[in-house]
Protein chains: 2
Amino acid sequence: MDSDAAPFAYSGLERIFHERGRLAVCTCLVANTGGMRFTDLQDACALTDGNLNRHLHALAEVGIVSLERLRGNGRPVTIVRITPVGRKRFLAYIDELEAVVRAVHDRAQEDAAAPSWLPQL
Amino acid sequence: MDSDAAPFAYSGLERIFHERGRLAVCTCLVANTGGMRFTDLQDACALTDGNLNRHLHALAEVGIVSLERLRGNGRPVTIVRITPVGRKRFLAYIDELEAVVRAVHDRAQEDAAAPSWLPQL
């Protein structure tokens, strides 16, 4: 079914982004194109180690983020970045989200018309 | 962790609404407070019988929608409505979604500053 036939199918809401944890991660990374440390990302998004790891691997698998392990003098540090392709796809997802918000605002303000199913009863 | 400590936790994004199918269903119902026929809702959201049924029962279980089975002269018709409480909760969810969109737009336009992790290496 195409989007004209089903105006509320929202096929542009990519499932990879439409999960609360991954939405938080991508929102953080989109402003920090230089990268963020795993631990800073974890604090900002209130995710456990395991959850953040799981989300990052899901995102890395489809090329949305890249992970780099740096070894300095101290403990090794994992740097997470959103890729250029990931950024583009995420911003397209956000545009679709914006369209949903706009649709709800428009529709919520409409006067409640006679239900469309009444004449058929 | 509270929202100050973790600005991207998005705890207001209620999981019951944060699923593409249920988001579509609630968006449809919010303008049609008089109710929609099951079949019309199905067409508008491009959901299968089984999927729409599953979503509606999840929503009905927590009082977000109500289901009414009407028997006229012809085949019985199921009318779906969003409840006043459901409407209120859904609009609060949409407000949170709007905040996410705004946050991404604001952050995506920021100049990429020096990564916060650089000095620590």
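The values are calculated or read from the model by the stated rules, or taken from the named source; none is laboratory data. Quick caveat, the model's predicted, so the values are computed rather than measured. Here the Cβ is made from the backbone with ideal geometry for all residues, glycine too, and neighbour counts use every protein chain on show. Note: accessible area is taken over every heavy atom of the protein model, side chains too, but ligands, DNA and RNA are not part of it. Shrake-Rupley method; radii C 1.70, N 1.55, O 1.52, S 1.80 Å.
To keep it simple, each residue is scored yes or no on (1) in contact with a strand residue (DSSP E or B) (Cβ under 9 Å, 6 or more places away or on another chain); (2) assigned to a loop (DSSP other than H, G, I, E, B); (3) open to solvent by 60 Å² or more (accessible area, probe 1.4 Å).
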position	(1), (2), (3)
A:Pro7	no, yes, yes
A:Arg15	no, yes, yes
A:Cys26	yes, no, no
A:Thr39	yes, no, yes
A:Ala44	yes, no, no
A:Leu47	no, yes, no
A:Gly50	no, no, no
A:Val80	yes, no, no
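Is it the case, given these coordinates, that B:Pro7 is within 10 Å of another protein chain (Cβ to nearest Cβ) and more than 20 Å from the chain's Cα centre (by Cα)? Break it down stepwise before answering.
Numbers: within 10 Å of another protein chain (Cβ to nearest Cβ): yes; more than 20 Å from the chain's Cα centre (by Cα): yes.
Here the answer is yes, as B:Pro7 does meet what is asked.
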Open item on the list: Pairs needed: first member in the stretch B:52-67, farther than 19 Å from B:Asp40 by Cα; second member anywhere, of a type in the set (Val, Ile, Thr) and outside any loop (DSSP other than H, G, I, E, B); C-beta distance under 9 Å; at least 6 residues apart or different chains.
Closed with: B:Gly63/B:Val85
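Here is a list: B:Ala31, B:Ala46. Which entry is hydrophobic (A, V, I, L, M, F, W, C), within 11 Å of chain A (Cβ to nearest Cβ) and closer than 20 Å to A:Ile16 by Cβ?
Details: B:Ala31 fails: closer than 20 Å to A:Ile16 by Cβ.
Just one listed residue meets the conditions, B:Ala46.
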Open item on the list: Let me spell it out: the conditions are (1) closer than 28 Å to B:Thr48 by Cβ; (2) modelled with pLDDT of 90 or more; (3) in a helix (DSSP H, G or I); (4) not polar (S, T, N, Q), and A:Asp106 meets all of them except one. Which number is the exception?
Closed with: (2)
TODO: Determine which single condition A:Gly35 fails, assuming it passes every other condition in (1) within 19 Å of B:Val100 (Cβ to Cβ); (2) in contact (Cβ under 8 Å) with a residue 40 or more places away in the chain; (3) not charged (D, E, K, R).
DONE: (1)
